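Read the structure below first, then the notes.
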Amino acid sequence: MKAFISAYELKAIPLYKASALASWNANITGTNEDYAISEKASFEYARIFTDTKAFAGLKEIKETQAMKDPLLIRQLDLLYNGYLGGQVDTTLIQEQIKMETEISKKYANFRVTLNGKQIPDNEVESILRTSTSSKELEAVWTGSKEIGPVVAADIIKLVKHRNKIAQKIGFNNFHEMSLKLSGQDPAEVTKIFDELDSLTRNNFAGLKGEIDTYFAKRFKIAATQLRPWHYQNRYFQEAPEIYTVNFDKYYEKQDPVKLASTYYNGIGLNVDAILAKSDLYEKPGKNQHAFCTDIDRSGDVRTLDNIRPDSYWMNTILHELGHGVYSYYNDKDLPFILRDAAHTFTTEAIANMFGRLATNPQWMLNMGVIDTKESEKITDDSRKALRLQMLVFSRWAQVMYRFEKSMYENPDQNLNQLWWNMVEKYQLLAKPEGRDMPDWATKIHVALYPCYYHNYLLGELLASQLYNYITTNVSKNQSFVGEKAVGDYLKEKVFIPGARYYWNDMIEKATGEKLTAKYYAKQFVQ
Ligand SMILES: [Zn+2]
């Protein structure tokens, strides 16, 4: 095993780094040349895992079960999953990529037609948020679902193709494969989703009632006449704006980068080295979103952002630096393979926990963004708005997780019906009379980012679990401002362990419990 790891590191470390750097460059310049270099570099890195001889060697080691050293066993598990995923016939993979590319072009070229005119998605969202005409809302919502029939048959074909790939390497279906290769047991994830469902069901129903009352009044119709187009979003995945706090105005004259760095440095997580390597502001050609990347797992950590002085970017820079400190403070003595987050959702949890502070009045007060009077004024509505956002998102994530799981288990069932059964059950939306369309196929993640959505929710659950643990046991200060003990705790219990432990063991060591929905419910349901 040791010999295997040495040989692996020799090959993988330079290719990993080259691939991370090339991707970074491409995202900054946006040029075709840089994207071509990046594509080639990530292909070179991925190719390591297609080595059949290496995989056979790993399999042999695994089957002997002779190793006792926990660090070696953990590295074996991660490598084994990585190589297993690479053992698929390359023609099948090429076919899959071709199918995905075709579908992605169809999504990219689709525009909603309203009154005979094509409109961009930004306008769709804006109409859904601001229009008070049920007729217009229905037209734009229905228009946005027209992509469904265009891609549905292609997606079903792709789903069956992905299942074929999964079955060739010993899994029942692609959903099971995706989760297991990333170190998740589908039964364990479903159990957490069930727990969350039962903890949020009644409270969500109550809030949904409040939302319905609000919209019935706004649209001057009976609550029973509300349909999916009345909820300000194509999927009801974000909270409708029924409370009135305008956080943007507090950040107009602030410098989000300075606030974030003062904050992180104040809790003993120094972000100067990360910021020095980062690319923080808008530029032509540059990726317009935000991400954080660990270039070498040896301290070169960077974040790409497009910062403006508003609450969205305050949240985002806190979020990305959360990923940043997780990577930056990893244990340089750990082997390369383990110098990583315990799982992608555990780093998302840290990022979310810090990102949420941007709209936390206590944090804003402690950071000097607002005064006591303003803080008191907005505390109640801020709390309600965050609670609504979390609950609405959690019910939507239930739909996504359960739909995908069931779809991969049986792609030949009536998917249109399955989708609406889930939407009605978990989001409490009323299906439009007689609707029988592939509305599930309108959500791009179902086709192109498969079996990943649940991680967003698991990240939120862990953010709440860690937050509860810290505010109960480490520091009573709800904003952590100036609390070095919080940074010390995170370093010791989350960052330094890296991927040394299976994610649920890390969580148990850090909080005394396995991942649970309890604290998310405690924070947002009561
Ligand atoms: Zn993130």
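Things worth noting here:
- Taking region 315-330 as the range and being more than 15 Å from the ligand (Cβ to nearest atom) and open to solvent by less than 30 Å² (accessible area, probe 1.4 Å) as the test, only Asn330 passes.
- Residues of region 297-314 that are more than 13 Å from the ligand (Cβ to nearest atom), buried (at least 17 other Cβ atoms within 10 Å of the Cβ) and within 20 Å of Ala18 (Cβ to Cβ): Arg297, Asp300, Val301, Arg302.
- Residue check, Asn416 of a type in the set (S, T, N, Q) and farther than 20 Å from Asp194 by Cβ: yes
- Only one entry in Phe345, Phe393 is within 16 Å of the ligand (Cβ to nearest atom), in contact (Cβ under 8 Å) with a residue 60 or more places away in the chain and either open to solvent by 10 Å² or more (accessible area, probe 1.4 Å) or farther than 30 Å from Ile13 by Cβ (or both), namely Phe393.
- Residues of region 79-92 satisfying the condition of being modelled with pLDDT under 90 and part of a helix (DSSP H, G or I): Thr90
- Residue in region 377-387 that is farthest from Phe204 (Cα to Cα), counting only those that are open to solvent by 60 Å² or more (accessible area, probe 1.4 Å) and touching a residue at least 12 places away in the same chain (Cβ under 8 Å): Thr379
- Check on Ala290, more than 20 Å from Pro256 (Cβ to Cβ), within 15 Å of the ligand (Cβ to nearest atom) and under 17 Å from the mean Cα position of the chain (by Cα): no
- Highlighted here are the helices (runs of 4 or more DSSP H) found entirely within region 98-212 that include at least 2 residues which are without any contact (Cβ under 8 Å) to a residue 24 or more places away in the chain: 121-130, 134-144, 147-168.
- Qualifying residue in region 236-243 (condition: part of a helix (DSSP H, G or I), at pLDDT 95 or above, away from the ligand (no atom under 15 Å from the Cβ) and closer than 26 Å to Leu128 by Cα): no
The values are calculated or read from the model by the stated rules, or taken from the named source; none is laboratory data. Because the structure is a prediction, the values reported are computed rather than measured. Positions of Cβ are backbone-derived with ideal geometry, glycine not excepted, and every protein chain shown enters the neighbour counts. Remember, those area values only see protein heavy atoms, side chains included, never the ligands or the DNA or RNA. Shrake-Rupley method; radii C 1.70, N 1.55, O 1.52, S 1.80 Å.
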